[in-house]
Amino acid sequence: MIRLVRDVVFACAVLALSGCGFQLRGAYSLPYESIYVAAGDNVIGAGLKRQIRASGGTRVAETAEDAQASFIPAGEWRDSIIMSLSGSGRVREKRLRYRYAYRIVNAKGRDLVPQAYVELTRDVSYADSATLAKTQEEELLWRDMESDLIQQLMRRLVTAKPKPPAETE
């Protein structure tokens, strides 16, 4: 009897999740045959190229002339903002902010996606008694934000449809 109740509850949960539109994130399918990533060999550029290659359907071009589209970074800003202070004036909480600007252009240099931004934030507590640990935690959060940024850029690349040839000429 307990097994039957458990199976019914499980079936109801599956039906509820499928009814609300929930689905697992699958492989990315980029709308470009080839793309040039002008981000260089930094963490973001290398991660983005790796994700594009893993998607399978899109070739990473060596030059912008060989690509249907080009991903061009337009700026990267990192800063930390003090959120709160202790009674003695020492930092208790900080917010890490990472802002990345980019644009996507076609082979003729016309914008397929005008300049856009991705902004990520993470809050971190701070303690003078654990300076080394908090510094390492902050570095870990920056790396986490970089990998999150790559995933967000991939989702945005998937939704950035190339314009038909009549509109781009």
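The values are calculated or read from the model by the stated rules, or taken from the named source; none is laboratory data. As the structure is a computational prediction, the values presented were derived from the model and not from experiment. Every residue, glycine as well, gets a Cβ built from its backbone with ideal geometry; the counts of neighbours run over all protein chains shown.
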| message | So, THR135, is that one farther than 26 Å from ILE52 by Cα and either over 24 Å from the mean Cα position of the chain (by Cα) or of a type in the set (D, E, K, R) (or both) or not? | response | no
| message | Only one of LYS161, LYS134 is assigned to a loop (DSSP other than H, G, I, E, B), among the basic types (Lys, Arg) and farther than 20 Å from ASP41 by Cβ. Can you tell me which? | response | LYS161
| query | Does the range 139-161 contain at least one residue that is in contact with a Pro (Cβ under 6 Å, 6 or more places away or on another chain) and not polar (S, T, N, Q)? | reply | yes
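In contact (Cβ under 8 Å) with a residue 12 or more places away in the chain, in a helix (DSSP H, G or I), at negative phi and not basic (Lys, Arg), is that true of LEU141? Reasoning before the result, please.
Numbers: in contact (Cβ under 8 Å) with a residue 12 or more places away in the chain: yes; in a helix (DSSP H, G or I): yes; at negative phi: yes; not basic (Lys, Arg): yes.
Yes: the conditions hold for LEU141.
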| remark: Counting only residues in the range 121-137 that are modelled with pLDDT of 85 or more and β-branched (Val, Ile, Thr), the one nearest to ASP79 (Cα to Cα) is identified as THR121
| task | Could you check how many residues of the range 80-110 are of a type outside the set (Gly, Ala, Ser) and under 13 Å from GLU138 (Cα atoms)? | result | 7
